[in-house]
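Let me begin by presenting the structure, written as C-alpha coordinates, before commenting on it.
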Amino acid sequence: MSSDLGFILITTVTAFLSYSTNALLHSGSVSHGVSPRDYYLTTDEHWFNQTLDHYSPHDHRKFRQRYYEYLDNFRAPDGPVFMIICGEGPCSGIAKDYMSILAKKFEAGVVSLEHRYYGKSNPFNSLATENLRYLSSKQALFDLAAFRQHYQESLNVKLNRSSGSSDNPWFFFGVSYPGALSAWFRLKFPHLTCGSLASSAVVHAVYDFSAFDQQIGESAGQDCKAALQETNKLLEIGLKVNGKAVKALFNATELHVDADFLYLTADAAVMAFQYGNSDKLCVPLVKAKKNGSDLVETYSKYVRDHCMKVWGLHVRPYNRKHLRNTVVTAVSTYRIWWFQVCTELAYFQVAPANNSVRSQQINTEYHLDLCKSLFGKGTYPEVDATNLYYGGDKIAATKIIFTNGSQDPWRHASRQTSSPELPSYIMDCHNCGHGTDLRGCPQSPMVIEGKSNNCSSSDAVNKVRQQMVEHIDLWLSECRGSTRSSN
(Lines give C-alpha, C1' and ligand atoms only; values in the text may rest on other atoms or scores of the structure.)
Protein backbone atom coordinates (compact mmCIF):
# COMPACT_ATOMS: atom_id res chain seq x y z
CA MET A 1 0.00 0.00 0.00
CA SER A 2 1.38 3.24 -0.62
CA SER A 3 -0.33 6.46 -0.31
CA ASP A 4 -3.99 5.95 -0.11
CA LEU A 5 -5.92 2.82 0.13
CA GLY A 6 -7.62 3.64 -3.01
CA PHE A 7 -5.39 3.73 -6.00
CA ILE A 8 -3.60 0.55 -6.41
CA LEU A 9 -0.41 -0.28 -8.07
CA ILE A 10 -0.85 -3.67 -9.50
CA THR A 11 1.57 -6.27 -8.31
CA THR A 12 2.51 -8.36 -11.26
CA VAL A 13 5.21 -10.43 -9.68
CA THR A 14 4.49 -10.65 -6.01
CA ALA A 15 2.88 -13.33 -4.01
CA PHE A 16 1.39 -11.47 -1.17
CA LEU A 17 2.97 -8.11 -1.75
CA SER A 18 0.97 -5.48 -3.49
CA TYR A 19 1.30 -1.82 -3.97
CA SER A 20 -0.38 1.41 -4.07
CA THR A 21 0.01 4.62 -2.40
CA ASN A 22 -3.51 5.55 -2.72
CA ALA A 23 -4.40 2.01 -2.20
CA LEU A 24 -2.66 -0.56 -0.17
CA LEU A 25 -1.12 -2.41 -2.99
CA HIS A 26 2.57 -2.93 -2.81
CA SER A 27 5.13 -2.52 -5.45
CA GLY A 28 5.46 -5.43 -7.81
CA SER A 29 8.89 -4.50 -9.08
CA VAL A 30 11.83 -6.86 -9.09
CA SER A 31 15.51 -6.03 -8.91
CA HIS A 32 17.17 -5.68 -12.29
CA GLY A 33 18.98 -8.86 -13.26
CA VAL A 34 16.68 -11.03 -11.15
CA SER A 35 14.39 -13.33 -13.10
CA PRO A 36 10.83 -14.06 -11.88
CA ARG A 37 11.91 -17.67 -11.26
CA ASP A 38 14.44 -16.43 -8.71
CA TYR A 39 11.74 -14.37 -7.07
CA TYR A 40 9.35 -17.22 -6.33
CA LEU A 41 9.43 -20.45 -4.41
CA THR A 42 6.64 -21.62 -6.71
CA THR A 43 4.20 -20.28 -9.30
CA ASP A 44 2.28 -23.54 -9.80
CA GLU A 45 -1.44 -22.80 -9.59
CA HIS A 46 -4.00 -24.88 -7.70
CA TRP A 47 -7.73 -24.34 -7.38
CA PHE A 48 -10.37 -24.55 -4.66
CA ASN A 49 -14.15 -24.36 -5.08
CA GLN A 50 -15.07 -21.55 -2.71
CA THR A 51 -18.50 -20.56 -1.40
CA LEU A 52 -19.67 -17.24 -2.86
CA ASP A 53 -21.77 -16.08 0.09
CA HIS A 54 -20.81 -17.49 3.48
CA TYR A 55 -23.68 -15.63 5.15
CA SER A 56 -26.56 -17.06 3.12
CA PRO A 57 -28.15 -20.43 4.00
CA HIS A 58 -29.84 -20.49 0.58
CA ASP A 59 -27.15 -19.37 -1.86
CA HIS A 60 -24.95 -22.37 -2.70
CA ARG A 61 -23.04 -20.84 -5.60
CA LYS A 62 -19.30 -21.49 -5.80
CA PHE A 63 -16.36 -19.86 -7.58
CA ARG A 64 -12.82 -21.01 -8.34
CA GLN A 65 -10.23 -19.57 -6.00
CA ARG A 66 -6.53 -19.78 -6.83
CA TYR A 67 -3.91 -20.91 -4.35
CA TYR A 68 -0.30 -22.06 -4.18
CA GLU A 69 1.58 -24.57 -2.06
CA TYR A 70 5.25 -25.17 -1.35
CA LEU A 71 6.12 -28.31 0.59
CA ASP A 72 9.87 -28.69 0.00
CA ASN A 73 10.64 -27.80 3.62
CA PHE A 74 7.63 -29.53 5.16
CA ARG A 75 8.42 -32.04 7.91
CA ALA A 76 5.84 -34.77 7.49
CA PRO A 77 3.60 -35.64 9.12
CA ASP A 78 3.40 -33.10 11.96
CA GLY A 79 5.21 -30.03 10.61
CA PRO A 80 3.50 -26.64 10.74
CA VAL A 81 1.62 -25.05 7.85
CA PHE A 82 2.26 -21.36 7.18
CA MET A 83 -0.61 -19.53 5.48
CA ILE A 84 0.42 -16.44 3.50
CA ILE A 85 -2.62 -14.26 2.93
CA CYS A 86 -2.82 -12.52 -0.43
CA GLY A 87 -4.56 -9.18 -0.56
CA GLU A 88 -5.48 -6.34 -2.86
CA GLY A 89 -3.86 -7.59 -6.02
CA PRO A 90 -3.21 -10.67 -8.15
CA CYS A 91 -1.43 -13.47 -6.30
CA SER A 92 1.19 -14.77 -8.68
CA GLY A 93 3.01 -17.26 -6.50
CA ILE A 94 4.82 -17.66 -3.19
CA ALA A 95 7.55 -15.04 -2.99
CA LYS A 96 11.07 -15.85 -1.93
CA ASP A 97 11.26 -13.19 0.78
CA TYR A 98 11.96 -13.69 4.50
CA MET A 99 9.06 -16.15 4.63
CA SER A 100 11.29 -18.61 2.78
CA ILE A 101 13.78 -18.38 5.66
CA LEU A 102 11.06 -18.90 8.26
CA ALA A 103 9.61 -21.89 6.39
CA LYS A 104 13.03 -23.53 6.27
CA LYS A 105 13.72 -22.79 9.93
CA PHE A 106 10.43 -24.26 11.15
CA GLU A 107 10.27 -27.04 8.50
CA ALA A 108 6.90 -25.69 7.45
CA GLY A 109 4.71 -26.22 4.45
CA VAL A 110 3.58 -22.93 2.89
CA VAL A 111 0.23 -22.20 1.25
CA SER A 112 -1.07 -18.93 -0.15
CA LEU A 113 -4.67 -18.12 -1.07
CA GLU A 114 -5.65 -15.41 -3.54
CA HIS A 115 -8.21 -12.90 -2.23
CA ARG A 116 -11.68 -13.18 -3.74
CA TYR A 117 -12.26 -10.94 -6.81
CA TYR A 118 -8.54 -10.30 -7.39
CA GLY A 119 -6.34 -11.91 -10.03
CA LYS A 120 -7.92 -15.11 -11.33
CA SER A 121 -10.32 -15.53 -8.38
CA ASN A 122 -13.18 -13.38 -9.63
CA PRO A 123 -16.66 -14.88 -9.17
CA PHE A 124 -18.19 -12.82 -12.01
CA ASN A 125 -17.42 -11.74 -15.55
CA SER A 126 -18.47 -8.19 -14.74
CA LEU A 127 -17.38 -5.79 -12.01
CA ALA A 128 -20.68 -3.92 -11.97
CA THR A 129 -21.44 -2.55 -8.52
CA GLU A 130 -24.16 -5.13 -7.85
CA ASN A 131 -21.67 -7.94 -8.52
CA LEU A 132 -19.26 -6.56 -5.92
CA ARG A 133 -21.63 -7.05 -2.99
CA TYR A 134 -19.83 -10.25 -1.97
CA LEU A 135 -16.51 -8.42 -1.71
CA SER A 136 -15.65 -7.68 1.92
CA SER A 137 -13.08 -8.51 4.57
CA LYS A 138 -15.70 -10.61 6.37
CA GLN A 139 -16.28 -12.84 3.34
CA ALA A 140 -12.50 -13.04 2.83
CA LEU A 141 -12.00 -14.32 6.39
CA PHE A 142 -14.56 -17.06 5.83
CA ASP A 143 -12.74 -17.91 2.59
CA LEU A 144 -9.57 -18.44 4.60
CA ALA A 145 -11.35 -20.59 7.18
CA ALA A 146 -13.05 -22.77 4.56
CA PHE A 147 -9.82 -23.17 2.61
CA ARG A 148 -7.82 -23.95 5.74
CA GLN A 149 -10.23 -26.78 6.59
CA HIS A 150 -10.19 -28.11 3.04
CA TYR A 151 -6.40 -28.04 2.83
CA GLN A 152 -5.97 -29.76 6.18
CA GLU A 153 -8.32 -32.53 5.07
CA SER A 154 -6.40 -32.94 1.80
CA LEU A 155 -3.15 -33.03 3.77
CA ASN A 156 -4.57 -35.80 5.94
CA VAL A 157 -5.31 -37.80 2.79
CA LYS A 158 -1.78 -37.23 1.44
CA LEU A 159 -0.33 -38.40 4.74
CA ASN A 160 -2.72 -41.36 5.03
CA ARG A 161 -4.16 -40.02 8.27
CA SER A 162 -7.71 -40.56 9.46
CA SER A 163 -10.11 -37.61 9.35
CA GLY A 164 -10.21 -37.57 13.13
CA SER A 165 -6.46 -37.06 13.44
CA SER A 166 -5.04 -33.94 15.02
CA ASP A 167 -4.52 -30.99 12.71
CA ASN A 168 -1.09 -29.72 11.84
CA PRO A 169 -0.27 -26.49 13.67
CA TRP A 170 -1.10 -23.50 11.46
CA PHE A 171 0.29 -19.97 11.55
CA PHE A 172 -1.03 -17.04 9.49
CA PHE A 173 1.01 -14.26 7.87
CA GLY A 174 0.14 -11.07 6.03
CA VAL A 175 1.48 -7.61 5.12
CA SER A 176 -0.64 -4.44 4.94
CA TYR A 177 -4.32 -5.22 4.31
CA PRO A 178 -3.46 -8.96 4.39
CA GLY A 179 -1.72 -8.16 7.67
CA ALA A 180 -5.02 -6.88 8.99
CA LEU A 181 -6.74 -10.04 7.69
CA SER A 182 -4.12 -12.10 9.50
CA ALA A 183 -4.90 -10.35 12.79
CA TRP A 184 -8.66 -10.48 12.21
CA PHE A 185 -8.49 -14.18 11.40
CA ARG A 186 -6.86 -14.90 14.74
CA LEU A 187 -9.57 -12.76 16.38
CA LYS A 188 -12.50 -14.48 14.68
CA PHE A 189 -11.11 -18.03 14.20
CA PRO A 190 -8.64 -18.55 17.08
CA HIS A 191 -9.14 -22.33 16.94
CA LEU A 192 -7.84 -22.46 13.36
CA THR A 193 -4.44 -20.84 13.83
CA CYS A 194 -1.81 -21.00 16.55
CA GLY A 195 -1.06 -17.33 16.00
CA SER A 196 -0.64 -14.60 13.40
CA LEU A 197 1.99 -12.22 12.13
CA ALA A 198 0.38 -8.88 11.25
CA SER A 199 3.07 -6.95 9.39
CA SER A 200 2.25 -3.28 8.72
CA ALA A 201 -1.31 -4.36 9.47
CA VAL A 202 -3.94 -1.67 8.91
CA VAL A 203 -6.35 -3.01 11.54
CA HIS A 204 -7.81 0.43 12.31
CA ALA A 205 -10.10 1.71 9.55
CA VAL A 206 -9.64 5.48 9.35
CA TYR A 207 -12.07 7.89 7.74
CA ASP A 208 -9.93 11.04 7.50
CA PHE A 209 -6.38 9.69 7.55
CA SER A 210 -4.44 12.98 7.89
CA ALA A 211 -1.79 11.25 10.04
CA PHE A 212 -0.66 9.53 6.84
CA ASP A 213 0.50 12.79 5.25
CA GLN A 214 1.95 14.02 8.55
CA GLN A 215 4.17 10.93 8.68
CA ILE A 216 5.40 11.63 5.14
CA GLY A 217 6.47 15.09 6.25
CA GLU A 218 8.19 13.72 9.34
CA SER A 219 9.98 10.98 7.39
CA ALA A 220 11.09 13.48 4.75
CA GLY A 221 12.82 15.78 7.22
CA GLN A 222 12.75 19.58 7.22
CA ASP A 223 14.62 20.27 3.96
CA CYS A 224 12.92 17.61 1.84
CA LYS A 225 9.50 18.43 3.25
CA ALA A 226 9.97 22.12 2.37
CA ALA A 227 11.06 21.18 -1.14
CA LEU A 228 8.03 18.90 -1.57
CA GLN A 229 5.67 21.61 -0.34
CA GLU A 230 7.13 24.17 -2.73
CA THR A 231 6.95 21.66 -5.58
CA ASN A 232 3.30 21.03 -4.82
CA LYS A 233 2.50 24.77 -4.90
CA LEU A 234 4.27 25.10 -8.24
CA LEU A 235 2.29 22.15 -9.59
CA GLU A 236 -1.00 23.74 -8.55
CA ILE A 237 -0.01 27.04 -10.22
CA GLY A 238 1.19 25.22 -13.32
CA LEU A 239 -2.12 23.35 -13.65
CA LYS A 240 -3.97 26.68 -13.80
CA VAL A 241 -1.58 28.21 -16.34
CA ASN A 242 -0.97 25.23 -18.67
CA GLY A 243 -2.28 22.02 -17.15
CA LYS A 244 -1.67 19.91 -20.23
CA ALA A 245 2.03 20.79 -20.34
CA VAL A 246 2.48 20.06 -16.64
CA LYS A 247 0.74 16.69 -16.90
CA ALA A 248 2.81 15.83 -19.97
CA LEU A 249 5.95 16.03 -17.82
CA PHE A 250 4.53 13.13 -15.81
CA ASN A 251 3.15 11.20 -18.82
CA ALA A 252 -0.28 11.88 -17.33
CA THR A 253 -2.20 13.90 -19.91
CA GLU A 254 -5.04 11.36 -19.74
CA LEU A 255 -5.96 12.63 -16.26
CA HIS A 256 -8.53 15.32 -17.00
CA VAL A 257 -9.44 15.96 -13.35
CA ASP A 258 -6.69 18.04 -11.75
CA ALA A 259 -7.27 16.56 -8.31
CA ASP A 260 -6.71 13.06 -9.73
CA PHE A 261 -3.37 14.24 -11.11
CA LEU A 262 -2.43 15.75 -7.74
CA TYR A 263 -3.30 12.43 -6.13
CA LEU A 264 -0.87 10.72 -8.50
CA THR A 265 1.92 13.16 -7.65
CA ALA A 266 1.21 12.77 -3.92
CA ASP A 267 1.34 8.98 -4.21
CA ALA A 268 4.65 9.20 -6.06
CA ALA A 269 6.20 10.95 -3.06
CA VAL A 270 4.73 8.38 -0.68
CA MET A 271 6.40 5.53 -2.58
CA ALA A 272 9.84 6.83 -1.64
CA PHE A 273 9.18 6.68 2.10
CA GLN A 274 6.85 3.71 2.26
CA TYR A 275 9.29 1.45 0.45
CA GLY A 276 12.65 2.60 1.79
CA ASN A 277 13.86 4.75 -1.11
CA SER A 278 13.66 8.27 0.30
CA ASP A 279 17.11 9.25 -0.98
CA LYS A 280 15.96 8.72 -4.58
CA LEU A 281 13.50 11.57 -4.04
CA CYS A 282 15.00 13.84 -1.40
CA VAL A 283 18.61 14.11 -2.57
CA PRO A 284 17.85 15.54 -6.05
CA LEU A 285 14.87 17.61 -4.89
CA VAL A 286 16.71 19.31 -2.01
CA LYS A 287 19.68 19.94 -4.29
CA ALA A 288 17.43 21.49 -6.92
CA LYS A 289 15.84 23.80 -4.35
CA LYS A 290 19.23 24.97 -3.05
CA ASN A 291 20.53 25.55 -6.58
CA GLY A 292 17.40 27.33 -7.75
CA SER A 293 16.70 24.64 -10.36
CA ASP A 294 13.26 23.76 -11.71
CA LEU A 295 11.56 21.78 -8.93
CA VAL A 296 8.69 20.53 -11.09
CA GLU A 297 11.09 19.20 -13.72
CA THR A 298 13.24 17.57 -11.03
CA TYR A 299 10.21 15.97 -9.42
CA SER A 300 8.81 14.74 -12.73
CA LYS A 301 12.16 13.14 -13.52
CA TYR A 302 12.00 11.24 -10.20
CA VAL A 303 8.47 10.09 -11.02
CA ARG A 304 9.34 8.95 -14.54
CA ASP A 305 12.74 7.37 -13.80
CA HIS A 306 11.99 5.70 -10.48
CA CYS A 307 8.26 5.48 -9.75
CA MET A 308 7.23 4.51 -13.26
CA LYS A 309 10.25 2.71 -14.70
CA VAL A 310 11.48 0.88 -11.60
CA TRP A 311 8.65 0.65 -9.05
CA GLY A 312 5.72 0.12 -11.38
CA LEU A 313 3.61 3.24 -10.88
CA HIS A 314 0.93 3.59 -13.59
CA VAL A 315 -1.20 6.57 -14.51
CA ARG A 316 -4.28 4.58 -15.48
CA PRO A 317 -5.34 3.72 -11.89
CA TYR A 318 -5.94 7.45 -11.38
CA ASN A 319 -8.12 7.76 -14.47
CA ARG A 320 -11.81 7.74 -13.51
CA LYS A 321 -12.84 6.51 -16.92
CA HIS A 322 -10.69 3.42 -16.41
CA LEU A 323 -11.87 2.94 -12.82
CA ARG A 324 -15.51 2.95 -13.99
CA ASN A 325 -14.81 0.13 -16.45
CA THR A 326 -16.71 -2.97 -15.29
CA VAL A 327 -15.08 -5.41 -17.73
CA VAL A 328 -12.80 -7.88 -15.97
CA THR A 329 -9.25 -7.39 -17.20
CA ALA A 330 -5.73 -7.97 -15.94
CA VAL A 331 -5.78 -4.46 -14.47
CA SER A 332 -9.17 -4.54 -12.75
CA THR A 333 -7.42 -4.52 -9.39
CA TYR A 334 -7.80 -0.79 -8.97
CA ARG A 335 -11.58 -0.73 -9.23
CA ILE A 336 -11.89 -3.74 -6.91
CA TRP A 337 -9.74 -2.19 -4.20
CA TRP A 338 -11.55 1.14 -4.44
CA PHE A 339 -14.78 -0.71 -3.72
CA GLN A 340 -13.34 -2.03 -0.46
CA VAL A 341 -12.07 1.44 0.39
CA CYS A 342 -15.39 3.08 -0.44
CA THR A 343 -17.56 0.62 1.48
CA GLU A 344 -15.76 -0.54 4.63
CA LEU A 345 -12.17 0.69 5.08
CA ALA A 346 -11.74 4.29 3.85
CA TYR A 347 -8.17 5.23 4.82
CA PHE A 348 -8.91 8.50 3.00
CA GLN A 349 -5.48 10.14 2.76
CA VAL A 350 -6.64 13.69 3.20
CA ALA A 351 -4.39 16.71 3.46
CA PRO A 352 -3.95 17.94 7.04
CA ALA A 353 -5.39 21.40 7.73
CA ASN A 354 -1.93 22.87 8.27
CA ASN A 355 1.59 22.23 6.98
CA SER A 356 0.47 19.58 4.50
CA VAL A 357 2.76 17.96 1.96
CA ARG A 358 -0.07 17.05 -0.41
CA SER A 359 -2.58 19.37 -2.06
CA GLN A 360 -5.56 20.64 -0.06
CA GLN A 361 -7.67 19.49 -3.01
CA ILE A 362 -7.17 15.95 -1.73
CA ASN A 363 -9.83 16.18 0.98
CA THR A 364 -12.80 14.18 2.24
CA GLU A 365 -15.10 15.56 -0.45
CA TYR A 366 -12.67 14.42 -3.13
CA HIS A 367 -12.77 10.84 -1.89
CA LEU A 368 -16.54 10.73 -1.42
CA ASP A 369 -17.07 12.20 -4.89
CA LEU A 370 -14.78 9.56 -6.37
CA CYS A 371 -16.65 6.77 -4.55
CA LYS A 372 -19.97 8.07 -5.86
CA SER A 373 -18.53 8.44 -9.36
CA LEU A 374 -17.33 4.82 -9.41
CA PHE A 375 -20.08 2.95 -7.57
CA GLY A 376 -23.16 5.13 -7.46
CA LYS A 377 -24.92 7.54 -5.16
CA GLY A 378 -25.01 6.55 -1.50
CA THR A 379 -21.67 4.70 -1.52
CA TYR A 380 -20.04 5.40 1.83
CA PRO A 381 -17.37 3.63 3.90
CA GLU A 382 -18.86 2.14 7.08
CA VAL A 383 -15.71 2.78 9.09
CA ASP A 384 -17.40 2.82 12.50
CA ALA A 385 -19.05 -0.54 11.81
CA THR A 386 -15.73 -2.02 10.66
CA ASN A 387 -13.94 -0.89 13.82
CA LEU A 388 -16.85 -2.01 15.99
CA TYR A 389 -16.69 -5.49 14.43
CA TYR A 390 -12.91 -5.96 14.66
CA GLY A 391 -11.93 -3.60 17.48
CA GLY A 392 -9.65 -1.33 15.49
CA ASP A 393 -6.26 -0.84 17.16
CA LYS A 394 -7.84 -2.07 20.40
CA ILE A 395 -8.37 -5.54 18.93
CA ALA A 396 -9.14 -7.97 21.78
CA ALA A 397 -7.30 -11.05 20.61
CA THR A 398 -4.22 -13.04 21.63
CA LYS A 399 -1.07 -14.39 19.97
CA ILE A 400 -0.74 -11.77 17.24
CA ILE A 401 2.64 -10.19 16.43
CA PHE A 402 2.36 -6.61 15.11
CA THR A 403 5.36 -5.18 13.27
CA ASN A 404 5.82 -1.76 11.65
CA GLY A 405 8.58 0.26 10.02
CA SER A 406 9.34 3.65 11.53
CA GLN A 407 9.06 5.49 8.19
CA ASP A 408 5.86 3.78 7.04
CA PRO A 409 2.83 6.12 7.03
CA TRP A 410 0.51 3.13 7.30
CA ARG A 411 1.75 2.38 10.83
CA HIS A 412 -0.73 4.97 12.11
CA ALA A 413 -3.54 2.60 11.12
CA SER A 414 -1.86 -0.33 12.87
CA ARG A 415 -1.52 -1.35 16.50
CA GLN A 416 1.60 0.24 17.97
CA THR A 417 1.11 -0.49 21.66
CA SER A 418 2.54 -3.76 22.95
CA SER A 419 1.34 -6.33 25.47
CA PRO A 420 2.44 -9.88 26.31
CA GLU A 421 -0.35 -11.46 24.24
CA LEU A 422 -0.21 -8.83 21.47
CA PRO A 423 3.46 -7.88 21.09
CA SER A 424 4.06 -4.88 18.84
CA TYR A 425 7.46 -3.90 17.45
CA ILE A 426 8.69 -0.86 15.53
CA MET A 427 11.75 -1.31 13.31
CA ASP A 428 13.44 2.07 13.59
CA CYS A 429 15.74 2.96 10.72
CA HIS A 430 16.06 5.46 7.88
CA ASN A 431 14.66 3.07 5.26
CA CYS A 432 12.41 0.87 7.42
CA GLY A 433 9.05 1.03 5.70
CA HIS A 434 6.11 -1.14 4.72
CA GLY A 435 6.62 -4.81 5.53
CA THR A 436 10.33 -4.45 6.30
CA ASP A 437 10.29 -7.50 8.58
CA LEU A 438 9.46 -9.78 5.64
CA ARG A 439 10.83 -7.75 2.72
CA GLY A 440 14.06 -6.24 4.00
CA CYS A 441 15.38 -2.91 2.67
CA PRO A 442 14.41 -1.35 0.41
CA GLN A 443 10.93 -2.85 0.28
CA SER A 444 10.82 -2.23 -3.46
CA PRO A 445 12.39 -3.47 -5.68
CA MET A 446 12.22 -7.00 -4.37
CA VAL A 447 15.04 -8.16 -2.09
CA ILE A 448 15.61 -11.92 -2.31
CA GLU A 449 15.02 -13.57 1.10
CA GLY A 450 14.18 -10.14 2.53
CA LYS A 451 17.81 -9.55 3.48
CA SER A 452 18.36 -6.79 6.02
CA ASN A 453 21.96 -5.89 5.13
CA ASN A 454 20.83 -2.80 3.18
CA CYS A 455 18.68 -1.50 6.04
CA SER A 456 20.30 1.58 7.58
CA SER A 457 20.09 -0.29 10.89
CA SER A 458 20.11 -3.99 10.14
CA ASP A 459 20.36 -4.66 13.88
CA ALA A 460 16.96 -3.03 14.42
CA VAL A 461 15.38 -5.31 11.81
CA ASN A 462 17.19 -8.45 12.93
CA LYS A 463 16.20 -7.86 16.55
CA VAL A 464 12.52 -7.73 15.60
CA ARG A 465 12.92 -10.82 13.43
CA GLN A 466 14.44 -12.70 16.35
CA GLN A 467 11.48 -11.70 18.51
CA MET A 468 9.13 -12.89 15.77
CA VAL A 469 10.88 -16.27 15.66
CA GLU A 470 10.66 -16.63 19.44
CA HIS A 471 6.92 -15.91 19.47
CA ILE A 472 6.20 -18.24 16.56
CA ASP A 473 8.25 -21.00 18.17
CA LEU A 474 6.49 -20.58 21.53
CA TRP A 475 2.98 -20.43 20.12
CA LEU A 476 3.51 -23.40 17.83
CA SER A 477 4.81 -25.38 20.83
CA GLU A 478 1.80 -24.38 22.92
CA CYS A 479 -0.45 -25.41 20.04
CA ARG A 480 1.15 -28.84 19.84
CA GLY A 481 0.92 -29.19 23.62
CA SER A 482 -2.80 -28.43 23.72
CA THR A 483 -3.38 -30.88 20.86
CA ARG A 484 -1.58 -33.67 22.71
CA SER A 485 -3.47 -33.00 25.95
CA SER A 486 -6.81 -33.13 24.15
CA ASN A 487 -6.09 -36.53 22.59
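Data for the structure
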quantity: Mean accessible surface per residue for segment 250-368, computed with a 1.4 Å probe while every protein chain stays in place, in Å²; calculated: 37
quantity: Nearest-10 value in Å² for the accessible area of residue 464, using the 1.4 Å probe; calculated: 10
quantity: Debye, to nearest 20: dipole size of segment 289-409, +1 on Lys, Arg Cβ, -1 on Asp, Glu Cβ; calculated: 440
quantity: Heavy atoms of residue 63: accessible area, 1.4 Å probe, square angstrom to 10; calculated: 10
quantity: Heavy-atom accessible surface of the chain: percent carbon and sulfur, 1.4 Å; calculated: 49
quantity: Rounded, prolate or oblate (a/c below 1.5 giving rounded, otherwise prolate when a/b exceeds b/c) for segment 367-444 by Cα gyration tensor; calculated: oblate
quantity: Qualifying aspartates and glutamates (Cα of each under 14 Å from Cα of residue 62; at least 8 residues distant if same chain); calculated: 53, 143
quantity: Segment 101-221 - accessible surface per residue (Å², probe 1.4 Å); calculated: 31
quantity: Directionally averaged projected area (convex hull, Cα atoms, the chain), nm²; calculated: 21.8
quantity: Sorted peptide list for 101-113, 420-432, criterion being average Cβ within 10 angstrom, highest first; calculated: 101-113, 420-432
quantity: Over segment 124-229: Kirkwood hydrodynamic radius from C-alpha pairwise inverse distances, Å; calculated: 17.1
quantity: Packing rank of 307-317, 332-342, where each peptide gets the mean count of other beta carbons within 10 Å, highest leading; calculated: 332-342, 307-317
quantity: Most to least packed among 203-209, 229-235 [average Cβ atoms within 10 Å]; calculated: 203-209, 229-235
quantity: Whole-angstrom gap from segment 125-150 to segment 372-451, using each part's C-alpha centre; calculated: 21
quantity: Mean residue ellipticity (222 nm) of the chain, computed from DSSP H runs ≥ 4 via -39,500 (n - 2.57), nearest 500; calculated: -12500 deg cm²/dmol
quantity: Paramagnetic reach from residue 448 (point 7 Å along Cα→Cβ, amide N under 19 Å) across segment 99-126; calculated: 99-105
quantity: Amide proton proximity set for residue 41, modelled H, under 5 Å, gap of 5+; calculated: 94, 95, 96
quantity: Lone cysteines, the chain (no partner Cβ under 4.7 Å); calculated: 307
quantity: Among the listed pairs 96/247; 240/309; 96/309; 233/463; 287/321, those beyond 31 Å (Cα-Cα); calculated: 96/247; 233/463; 287/321
quantity: Top positive-direction residue, dipole computed over the chain with Cβ charges, set 203, 110, 400; calculated: 110
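The values are calculated or read from the model by the stated rules, or taken from the named source; none is laboratory data. Here the structure is a predicted model, which means the values were calculated and not measured. Note that each Cβ is placed from the backbone with ideal geometry, even for glycine, and that neighbours are counted across all protein chains shown. Heavy atoms of the whole protein, side chains included, go into the accessibility calculation; ligands, DNA and RNA do not. Shrake-Rupley method; radii C 1.70, N 1.55, O 1.52, S 1.80 Å.
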